[in-house]
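Notes follow the structure.
The values are calculated or read from the model by the stated rules, or taken from the named source; none is laboratory data. As the structure is a prediction and not an experimental result, all values here were calculated from the model. All Cβ positions, even for glycine, are placed from backbone atoms using ideal geometry, and neighbour counts span all protein chains on display.
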Amino acid sequence: MTTTQETAPAPEREEIITGCDAVAQALRLLDVDVLAGYPIRPYDSVMTAVSKMIADGQMDAEFIVAESEHSQFEIGKHASLVGARAFIGSSGVGWMYGMEALVVTASLRLPVVALVGNRALDDPGAFGVEHNDAMMVRDTGWLLYWVESAQEALDTTLLAYRVAEDKRVMLPCALSMDGAFLTHSQHMVRVPVADTVSAFVPPYELGDRRFHPDNPVSIAPQFNEDWVMEARRQSDAGMRRARAVIAEATADFHRVFGRGPADPFVDSYRMEDAEYVLMGMGTVGMVGKVAVDRMRAAGKKVGFLRVKWFRPFPQPELRALLRGVKGVGVVDRDYSFGSNSHGGVLYTEVAAALYPEPRRPVLVPFIAGLGGREVSVDNLLEMEETVERATADGVADLTCQWIGVRGPDSDPRDVAATAEGGVR
Amino acid sequence: MSDETSVGAVDVTYRGIFQKNLAGVITKELVKAARREDKVGGTVQRYGDSPERNGIPAKQFAVIADDMDSLRVEMTKYEPENVVVVCVMDDTLTKGVESWAWYGVRPINVNLAPGGTLLVVSHRSPEELLHWIPRRTYDWTLAILPGEPSFGGLWVYNDDGTDYRTMGAVSRVTGGLISLDSLIAQAGSAKNPDLRAAQLREGYESVQMHPIAAGVGAQDTYVPVEMPDWTQMREGLVVPAVEVGKNNTLFMKYTTRTTRPLVKFDTCVKCQICYTVCPDECFIPTPEGHYDVNYEHCCGCGICAQSCPVSGCIEMVDESVFESNEPLHKVFESDPAAYEDLRAEKVAQAGGANPHYGIY
Amino acid sequence: MAIPELVIPDLEINRRLTVLPMQEYYTSGHRTCQGCESALVMRYMAKIAGPRTLVTGTTGCMYVANTSYNSTPWALPWAHTQLGSAGSSAIGTAAALKVLMRKGKIPDERINVIAFCSDGGGGDMGLATLSAALQDTRYNLLILLYDNESYANTDIQASGMTPWGAVTSFTPSGTEQRITQHRWKKNVPALLMAGHPTGRYFANASSGFGMDLMDKVRIALDVGGPTFVQTHDPCPKGWDFDPRMSHELAILAVECGITVLWDCLEGELRYQGLTKQQVEGKVRRKPVADYLRRQGRFAHFTDEDVDFFQSRIDEMWEDWILPGVLRVNQTPFGRLPVDGSSPRQAGHAGAAVASGNGNGSGGAQIEAVGGNRA
């Protein structure tokens, strides 16, 4: 939708770097002013990278080693309030520890950008990817994005500041990146030069909210019931306006860098004439596309749909792309125990997004790859089979199936579970 | 309780913290007594007042109804409606109620239902009180329960019978919203029930009721605040700072005051202590080195009077004898003798100044 | 807006303030209690800091009581920060100023950064952030901890800096247990001073001694680097006494040796004013009973409780290596705490009256309780 006339490619050099390093490169190019770090695997290698760049004089910024995630995020929030471009990040329970500071950053409408290296929530202590950590801010006014590749991580970091700092939006943005597969493996990444980046991302201006003696204001006084709802509505308006700003920025990305995604909100792969679709977020998209190629080779009309922006949620795109489809399998790399059909968060959101459609595809929830477990091409082929069968059987409501877990769908020792059943 | 409705609220307007426990006892015991008449009820602490601050006006309500539906409707409000009686636990509250910022100074009887009663604990005459209480467009009743305001603390309750005397008076002025018998029966479960019963009866009998016609009373200058919508509010939860040299005119604080500092300028030694110790920045330097008082913002804490090294130079005088918040130093400037007469007159009118506690 | 000329005397670090600056940068019109000494501390702090200052404040009375939307008493730029974030808000603000000035994005000038916090927000929840802020010598920032000895804004719950035995909403005096506040007050300024050798200035002040307090804030801002000032401010609401006695109660706390006026500049410990005279033996400390018996929160104290309190204060002065400042006893601490598990005694309890709010727990007939019309 937004592919504009592409100019000659801007000068770029290729490097072999991890997703975290790619974000660090973007931060250098963005001339970020204040960064606060606190160690937790796997996001922390982005802080390792920037602190080295600062020490080597490749980057001019204040790097603060915080004494907790809560302080780390508060430091970012207050730096942003003074007018500094700020960056934070975390993973798993670290992200949870700073939750209070994350919430106020959003309600103060401060365009801090964060990297969430997705990680399973303790207990048990586990380092592998699960999307629940970043999901925890989905209702608080944070823009949320899930990347698939290191290149996308770099590009989206530029996009994130551009969108978050836009006067019409002014909301923080969290970039989610699968632990291990992106944070700790190196990819071929094209790194642009600073000039093109500054042409794409204008300087950060906080205007009459700037915390400075020349702009005497009181920020965030105590509100009572006569005011809070209006303030919430303002945040809501910022999030609603974000869609247009994202589209605009993505189009501009093409103009400046001579490359970029076709669709700002979703990554649709071989969706044309697709009868069956698999959906997911993050690196599952990489194997998903391979699986689709194999199924297409076998004559099946299958496509893969990857959700990139989770907030704002791409409901218009999903409705347009899925309304003609027979069956859809939603692969959640997260859990939402006790939710609809015992599926994950993405499943519930997709189901809600499609509800207004008169002709809805059969929707099949899957949970896979928790705690960093690999999701294989075979897993995805298996899921597609299940979707086709469910569509043929016309089963309306399917209890979520766990893919790649040892043991049966339902516990034979548990009568209730068997009665509830799964797809056979 | 008026005939057309089966629900009535008792509004207890009081001095924050000092009378919080008092208001709590009154509202709760009223509801318990009403239960003895097969009525239903509950109490409401106005949430906006919380956390209460010393002296800042606050409200608690007892809601009493014949049926649960009528009760449920009122119990989901911050300020229950159909207030049949407003109990004013300190008569200086009749000057107005500014409970928190931005909403302005509301009249003491702003929420009184037509035909309702304003019950004031006071030694003052109806005329004196009507000097402050704004007129209504309907008839109402001014009831006076003779007595001193009862002040306690957060941890120390001032058990002087004001609670039960007020409940007795409420029964009388509402024509039996809760009967005296039910109140006495309820008091039977309290400590020393005979004393409580006596206090209830005394309040019931000693309260004096004065019918006030529509249009009688002080001018009503209150203008309800206009609330901007979400597109009009500044984004990012931002409020402009006070301009240097000015102060916050959206919260005046003077309705917190029960006594005001009155300065005997001719004895002032210009030591600057009052200015230095005032937590509300209310002393304004005059060219000759005196310190005038900003009575719009003074909350009457009395620290200045207590800290002044000159005996009798700053005295705390009952607020209810003063007409306006106009600063007084200009009177002294034009005619020191006339000012001294005015000062002495006010002190006399107030029955003397509050005693100084002496220096430790 | 035109910023008026700063008339704060430009003194050498060790000169004392003799003239009181007359501008107000924290103004009339705050919803604080009658006789709120913490508000007075805010006033002194803003006065001496002047207009080129940024103030962040943690949640607490000095947040909720001061700034209720859509109004503010602050003439200085002020921003709310979360309850445990005084230190991190100061770091974030100071770091941003530094880098933006270095990059020429804002004019290079001296801007004071002050983060204030309460005994609960600073002494309990935010202690780690104060520690972090006081370690980072790159930034000029001042942490001001106003100590009113409870979580006052939430209606008085015990904090780590509430005095032993005091009644609070979470540590009531009951019919079975007289004393439920078992913790002795945390000595935050000494804790921070002892643990942060790179902190340039630490001070303990009192709202009762305004010039001394302003001097300490001024010195902290002038020396720059991470600095810390704590103030002791009587709270008429939570301590339960007549608001008009607030200021004198602050002074009395110093006279009794409970509050100690000291500072430590670049490692040098100094006493001030009345405390100095006490240290030099020119003035005798008043008995703590004078202080305790004037407050409703100690109304349940028995003579034994008062004696115990006195013995702990005496120890501060007679046994500590740094008298009144740092506890390293030269002899083992002699006396065990009163366990307070015995019932409240009628003689001290007064008439207990049931209350609709659960606060009317009863108390002694003592001086100066309640409002000034009592």
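Mind listing whichever residues of the stretch C:19-42 are at the interface with chain B (Cβ under 7 Å from one of its Cβ atoms), outside any loop (DSSP other than H, G, I, E, B) and closer than 18 Å to C:VAL55 by Cα?
Passing the criteria: C:ALA39, C:LEU40.
Within the stretch C:149-160, count every residue that is more than 12 Å from chain B (Cβ to nearest Cβ) and either of a type in the set (Val, Ile, Thr) or under 8 Å from the mean Cα position of the chain (by Cα) (or both). Break it down stepwise before answering.
Going residue by residue through the stretch C:149-160, those that are more than 12 Å from chain B (Cβ to nearest Cβ) are C:149, C:158-160.
Adding the requirement that they be either of a type in the set (Val, Ile, Thr) or under 8 Å from the mean Cα position of the chain (by Cα) (or both) leaves C:149.
Final tally of qualifying residues: 1.
Select the strands (runs of 3 or more DSSP E) contained entirely in the stretch C:268-374, then report the ones holding at least 2 residues which are modelled with pLDDT of 90 or more.
Values: elements: C:268-271, C:320-322, C:326-329.
Correct list: C:268-271.
Across the stretch A:145-154, which residue is nearest to A:ARG233 (Cα to Cα) among those that are buried (at least 24 other Cβ atoms within 10 Å of the Cβ) and not small (Gly, Ala, Ser)?
Here is the first cut: in the stretch A:145-154, the ones buried (at least 24 other Cβ atoms within 10 Å of the Cβ) are A:145-148, A:150, A:152-154.
In the following step, the residues that additionally are not small (Gly, Ala, Ser) were identified as A:145-148, A:152, A:154.
On the way: A:TYR145: 22, A:TRP146: 26, A:VAL147: 29, A:GLU148: 32, A:GLU152: 32, A:LEU154: 32 Å.
Only one residue tops the list, namely A:TYR145.
Pull up the stretch C:43-57, narrow it to residues that are at the interface with another protein chain (Cβ under 7 Å from one of its Cβ atoms) and of a type in the set (Lys, Arg), then point me to the one that is nearest to the chain's Cα centre (by Cα).
Once the filter is applied, the top-ranked residue is C:ARG43.
Please specify each residue of the stretch C:105-123 satisfying the condition of being among the charged types (D, E, K, R), more than 13 Å from C:THR53 (Cα to Cα) and facing chain A (nearest Cβ under 9 Å). I'd like the intermediate steps shown before the answer.
Start the filter on the stretch C:105-123 by keeping residues that are among the charged types (D, E, K, R), which leaves C:105, C:108-110, C:119.
Next cut, more than 13 Å from C:THR53 (Cα to Cα) only: C:105, C:108, C:119.
Residue satisfying the conditions is C:LYS105 alone.
Report, by residue number, each residue of the stretch A:31-46 that is of a type in the set (A, V, I, L, M, F, W, C) and either on the phi > 0 side of the Ramachandran plot or surrounded by fewer than 24 Cβ atoms within 10 Å (Cβ to Cβ) (or both).
Across the stretch A:31-46, the qualifying residue is only A:ILE40.
Taking the condition within 30 Å of A:ALA237 (Cβ to Cβ) and within 20 Å of the chain's Cα centre (by Cα), does A:MET281 pass?
Numbers: within 30 Å of A:ALA237 (Cβ to Cβ): yes; within 20 Å of the chain's Cα centre (by Cα): yes.
Yes.
Exactly one of these conditions fails for B:GLN272: (1) at the interface with chain C (Cβ under 9 Å from one of its Cβ atoms); (2) over 30 Å from B:CYS308 (Cα atoms). Give me its number.
(2)
Out of all the residues in the stretch C:58-77, which are surrounded by 24 or more Cβ atoms within 10 Å (Cβ to Cβ) and more than 7 Å from every other protein chain (Cβ to nearest Cβ)?
C:THR58, C:GLY60, C:CYS61, C:MET62, C:ASN66 - these are the residues of the stretch C:58-77 that are surrounded by 24 or more Cβ atoms within 10 Å (Cβ to Cβ) and more than 7 Å from every other protein chain (Cβ to nearest Cβ).
Keeping to the stretch C:15-30, report how many residues are surrounded by 24 or more Cβ atoms within 10 Å (Cβ to Cβ) and in contact with a helix residue (DSSP H, G or I) (Cβ under 8 Å, 6 or more places away or on another chain).
Of the residues in that region, 3 qualify.
Restricting the first residue to the stretch A:40-62 and requiring it to be more than 19 Å from A:ALA84 (Cα to Cα) and within 14 Å of another protein chain (Cβ to nearest Cβ), which pairs with a second residue that is in a strand (DSSP E or B) and modelled with pLDDT of 95 or more meet a Cβ separation below 8 Å and a spacing of at least six or different chains?
none
Could we say that A:ARG306 is surrounded by fewer than 19 Cβ atoms within 10 Å (Cβ to Cβ), outside any loop (DSSP other than H, G, I, E, B), of a type in the set (Lys, Arg) and touching a residue at least 12 places away in the same chain (Cβ under 8 Å) here? Before the answer, list the steps.
Working: surrounded by fewer than 19 Cβ atoms within 10 Å (Cβ to Cβ): no; outside any loop (DSSP other than H, G, I, E, B): yes; of a type in the set (Lys, Arg): yes; touching a residue at least 12 places away in the same chain (Cβ under 8 Å): yes.
So A:ARG306 does not fit the description; no.
Answer yes if at least one residue in the stretch C:95-104 is of a type in the set (Gly, Ala, Ser), under 24 Å from C:TYR201 (Cβ atoms) and within 9 Å of another protein chain (Cβ to nearest Cβ), and no otherwise.
Within the stretch C:95-104, the subset of a type in the set (Gly, Ala, Ser) is C:95-96, C:104.
Among the residues that remain, those that are also under 24 Å from C:TYR201 (Cβ atoms) are: C:95-96.
Retained after the next criterion (residues that are within 9 Å of another protein chain (Cβ to nearest Cβ)): C:95-96.
Yes, there is a match, as at least one residue in the stretch C:95-104 is of a type in the set (Gly, Ala, Ser), under 24 Å from C:TYR201 (Cβ atoms) and within 9 Å of another protein chain (Cβ to nearest Cβ).
Contact list please: Cβ distance under 6 Å, first residue in the stretch B:280-306 and farther than 20 Å from C:HIS247 by Cβ, second residue assigned to a loop (DSSP other than H, G, I, E, B), pairs at least six apart or on different chains.
B:GLY289/B:LYS270; B:HIS290/B:CYS268; B:ASP292/B:THR286; B:ASP292/B:PRO327; B:TYR295/B:ASN325; B:GLU296/B:MET252; B:GLU296/B:ASN325
Quick one: C:HIS80 ticks every box in (1) more than 7 Å from chain A (Cβ to nearest Cβ); (2) surrounded by fewer than 24 Cβ atoms within 10 Å (Cβ to Cβ) bar one, so which box is it?
Looking at each condition in turn, C:HIS80 falls short on (1).
Going by the structure shown, is A:ARG138 part of a loop (DSSP other than H, G, I, E, B), closer than 20 Å to A:LEU159 by Cα, in contact (Cβ under 8 Å) with a residue 12 or more places away in the chain and more than 14 Å from chain B (Cβ to nearest Cβ)?
Working: part of a loop (DSSP other than H, G, I, E, B): yes; closer than 20 Å to A:LEU159 by Cα: yes; in contact (Cβ under 8 Å) with a residue 12 or more places away in the chain: yes; more than 14 Å from chain B (Cβ to nearest Cβ): yes.
Yes, satisfied.
Have a look at A:ALA291, A:ALA237, A:ALA251, A:ALA298 and point out the one that is hydrophobic (A, V, I, L, M, F, W, C), within 30 Å of A:LYS326 (Cα to Cα) and surrounded by fewer than 22 Cβ atoms within 10 Å (Cβ to Cβ). Spell out the reasoning first.
Numbers: A:ALA291 fails: surrounded by fewer than 22 Cβ atoms within 10 Å (Cβ to Cβ); A:ALA237 fails: within 30 Å of A:LYS326 (Cα to Cα); A:ALA251 fails: within 30 Å of A:LYS326 (Cα to Cα).
When all the criteria are applied, what remains is A:ALA298.
Condition test on B:ASP11, is it away from chain C (no Cβ under 13 Å), within 24 Å of B:GLY115 (Cα to Cα) and surrounded by 24 or more Cβ atoms within 10 Å (Cβ to Cβ)? Give the steps one after another, and end with the answer.
Values: away from chain C (no Cβ under 13 Å): yes; within 24 Å of B:GLY115 (Cα to Cα): yes; surrounded by 24 or more Cβ atoms within 10 Å (Cβ to Cβ): yes.
Yes, satisfied.
Report, by residue number, each residue of the stretch B:154-188 that is in contact (Cβ under 8 Å) with a residue 12 or more places away in the chain, within 30 Å of C:HIS300 (Cβ to Cβ) and not acidic (Asp, Glu).
Listed by number, the residues that qualify are B:LEU154, B:TYR157, B:ASN158, B:GLY161, B:THR162, B:TYR164, B:ARG165, B:THR166, B:MET167, B:GLN186, B:ALA187.
Which one of B:VAL277, B:VAL317, B:VAL293 is within 8 Å of another protein chain (Cβ to nearest Cβ) and surrounded by 17 or more Cβ atoms within 10 Å (Cβ to Cβ)? Don't jump to the end; show me each part of the working.
Working: B:VAL317 fails: within 8 Å of another protein chain (Cβ to nearest Cβ); B:VAL293 fails: within 8 Å of another protein chain (Cβ to nearest Cβ).
On inspection, the qualifying residue turns out to be B:VAL277.
Could you list all residues from the stretch B:218-259 that are in contact (Cβ under 8 Å) with a residue 60 or more places away in the chain, within 11 Å of chain C (Cβ to nearest Cβ) and of a type outside the set (S, T, N, Q)?
Those that are in contact (Cβ under 8 Å) with a residue 60 or more places away in the chain, within 11 Å of chain C (Cβ to nearest Cβ) and of a type outside the set (S, T, N, Q): B:VAL225, B:LEU250, B:PHE251, B:MET252, B:LYS253, B:TYR254, B:ARG257.
Return the residues of the stretch A:189-230 that are modelled with pLDDT under 95, more than 14 Å from chain C (Cβ to nearest Cβ) and in a loop (DSSP other than H, G, I, E, B); say none if nothing qualifies.
The answer is A:VAL193, and nothing else.
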